[in-house]
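> Okay, handing you the structure first.
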Amino acid sequence: MKRAWIILATAILSVAFIGCPPKTESTGAASGGTEGEIVIGEYGSMTGGQATFGDSTHKGIMLAVDEINTAGGVNGRKIRVITEDDQSKAEEAANAVTKLISQNNVIAVLGEVASSNSLAAAPICQSNKVPMITPSSTNPDVTKKGDYIFRMCFIDPYQGEAMANYLTKEVGLKTAAVLIDVKSDYSTGLAAFFERTFIANGGRIVGKQSYAQGDSDFRSQLTAIKSTNPDVIWVPGYYNDIGQIAIQARDLGMKQPLAGGDGWESPKLIEIGGKALEGCFYSNHYHVDDPSPAVKDFVQKYQQRYGAKPDSLAALGYDSTKVLADAIQRAGTTEGPALRDAIAATKGFSGVTGNITLGPDRNPIGKKLVVLEIKNGQLALKSVVDPTAGATPATDTTATNAPAGTTGTTDSSTTGTAPSTATSRTQ
């Protein structure tokens, strides 16, 4: 009987050891070293309310990875990406990143788009000393979560100011109402930054209403806004809500333009909102018909692979991956602290969305911003804000198809300015 218990105990211990792989000795949970595949984690909204965010970002990441691997990898090692779907939920983003670090031993993490999801995941990466690069989360608090957290895009104070300047100084609007998604860090933050500059420019906020992500009926909020008769309705939300808000506003007889930020960016935006979005504006990270060689080359490769023009989220996913690979090469290792230092030292990296130099707060310095108008069911470039260049004319280019970020024919332009930035615009 005693021998039987010994055999049973031995069997239980064996199963336990087999079922729990040993943790690595490197800093944090991620494996370092100089041999074998380099395993990178990606988390994103592959399903759920912001599914096009995750899809576009993933395609940009994979295009970059395949290019890197075809060219021989990084320091002779191929990159492998493990992708986790966070279902467009902040709590699932935290779970996804925990799994990538503790189970998959990734050396770095790419993601997310939605700021609330990045804010949920960033502390986990920070505590494990695993670098995280968000391609397109614009809430300024994201990189404040720690010195292992980086981003490739401009931030909300910048785009909020730029849009307020454009609407007041270029379009000449005087009053605005604000409709905020109270469950979104992105929406609440961008609203505040827009309001600050709009008021500073002499404008008035005549009404404020709110909704929550997942709502489908916005009529009561819009009816309250209608009574204030604003020149513009500022809606810093995500594309899946914007289309419905626009439709319901037009159903109520409201003719004011809606305006917002880069959360509008999606091939689904115009598909959902249709004619209700005519004359509406939003800010974005790049323009698909930018004549620069980097953009033209990226667009051509993306179209050949995926059969569609890339939106800004694909471009930022691509740039994030290339910046990470460049940092790994310069670091000569995938160990967390050394890789973190190499990412932080990124300067003058030539990306699709512009030259990327990271500042001391781990945000890129001087990123270009474009303002797009929905015109005849397509996207037209209206203004360019480029802090790194003098004011140069931008052409009024109109999209040849509906997907966000897509533009086409040219027209004449005039030049305007925004405080502390160089601005070009067309009307």
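> Please report the net charge: other residues with Cβ closer than 14 Å to the Cβ of Val206, K and R +1, D and E -1. Show your work: numbers first, answer last.
Details: positive: Lys174, Arg204, Lys208, Lys226; negative: Glu195, Asp231.
My count for the surroundings of Val206 gives +2.
> Provide Glu265, Glu195, Glu37 in ascending order of the number of other Cβ atoms located within 10 Å of each residue's Cβ, fewest first. Walk me through the numbers on the way to the answer.
On the way: Glu265 29, Glu195 18, Glu37 11.
Going from sparsest to densest Cβ surroundings: Glu37, Glu195, Glu265.
> Work out, step by step, the length gained on full extension between Ser227 and Lys174: first 0.36 nm times the residue separation, then minus their alpha carbon distance; give nm to one decimal. Numbers along the way, then the final one.
Details: separation 53, 0.36 × 53 = 19.08 nm, distance 1.62 nm.
Extra length available between Ser227 and Lys174 comes to 17.5 nm.
> What FRET efficiency comes out for Gln244 versus Glu35 if R0 is 51 angstrom and r is the Cβ-Cβ distance? Round to the nearest 0.05. If you can, show how the numbers build up before the last one.
On the way: r = 52 Å, r/R0 = 1.01.
After rounding, the FRET efficiency stands at 0.50.
> Here is a further query. To the nearest 0.05, what FRET efficiency results for Asp361 and Ser216 with a Förster distance of 41 Å applied to their C-beta separation? Display every interim value, and only then the final one.
Working: r = 38 Å, r/R0 = 0.92.
Calculated value: 0.60.
> Arrange Lys296, Lys367 by Cβ neighbour counts within 10 Å, fewest through most, would you?
Going from least to most buried by this count: Lys296, Lys367.
> What is the distance in Å between the Cα centres of region 155-198 and region 294-363?
28 Å
> Decide, for region 27-121, between rounded, prolate and oblate: order the square roots of the alpha carbon gyration tensor eigenvalues as a ≥ b ≥ c, take rounded if a/c falls under 1.5, and otherwise choose prolate if a/b is larger than b/c, else oblate. Don't jump to the answer; show the numbers that get you there.
Values: a/c = 3.02, a/b = 1.43, b/c = 2.11.
It is oblate, given that a/c is not under 1.5 and a/b is not larger than b/c.
> Still on this structure: Run the numbers for Gln103 and Lys375: contour at 0.36 nm per residue of separation, minus the present Cα-Cα distance, in nm.
Extra length from Gln103 to Lys375 when fully extended: 93.1 nm.
> Another question, if that's okay. Taking the Cβ-Cβ separation of Arg204 and Ser350 as r and a Förster radius of 51 Å, what is the calculated FRET efficiency to the nearest 0.05? Could the numbers behind the result be given before it?
Values: r = 43 Å, r/R0 = 0.84.
The pair Arg204/Ser350 has a calculated efficiency of 0.75.
> So if I place +1 on the C-beta of Lys and Arg and -1 on the C-beta of Asp and Glu, and nothing else carries charge, what would the dipole magnitude of region 255-317 be about its Cα centre? I want it in debye, nearest 20.
Values: 7 positive and 8 negative charges, 33 e Å.
So the dipole magnitude of region 255-317 works out to roughly 160 debye.
> Still on this model: Provide the net charge surrounding Ser187, with neighbours chosen by a C-beta distance below 11 Å and charges set as Lys +1, Arg +1, Asp -1, Glu -1. Please report the intermediate quantities before stating the final value.
Values: positive: Lys183; negative: Asp156, Asp181, Asp185, Asp241.
Net local charge, Ser187 excluded: -3.
> Tell me the label-point distance for the pair Glu271, Gln304, using the 7 Å Cα-to-Cβ offset, in nm and rounded to one decimal.
Label-label distance for Glu271 and Gln304, simple model: 2.6 nm.
> What ranking of Leu179, Leu358 emerges when the number of other C-beta atoms within 10 Å of each C-beta is taken as an exposure proxy, fewest first? Intermediate results must be reported in sequence, preceding the final value.
Working: Leu179 27, Leu358 22.
Listed from fewest to most nearby Cβ atoms, that is Leu358, Leu179.
> Specify whether the C-alpha gyration tensor of region 178-263 places it in the rounded, prolate or oblate class, a ≥ b ≥ c being the square roots of the eigenvalues: rounded for a/c under 1.5, otherwise prolate if a/b is larger than b/c and oblate if not. Write out the running numbers ahead of the final one.
Details: a/c = 1.77, a/b = 1.12, b/c = 1.59.
Oblate shape, in that a/c is at least 1.5 and b/c is the bigger or equal ratio.
> While we're on this one: Distance check, please: which entries in Lys301/Lys368; Lys322/Lys347; Lys89/Lys275; Lys183/Lys367; Lys183/Lys208; Lys309/Lys382 exceed 18 angstrom between their Cα atoms? Write out the running numbers ahead of the final one.
On the way: Lys301/Lys368 22 Å; Lys322/Lys347 13 Å; Lys89/Lys275 30 Å; Lys183/Lys367 27 Å; Lys183/Lys208 15 Å; Lys309/Lys382 20 Å.
Correct reply: Lys301/Lys368; Lys89/Lys275; Lys183/Lys367; Lys309/Lys382.
None of the figures in this text is laboratory data; all of them are computed from the coordinates on show. All values derive from a computational prediction rather than experimental measurement. So basically every Cβ, Gly included, is an ideal-geometry build from the backbone, and we count neighbours across all protein chains shown.
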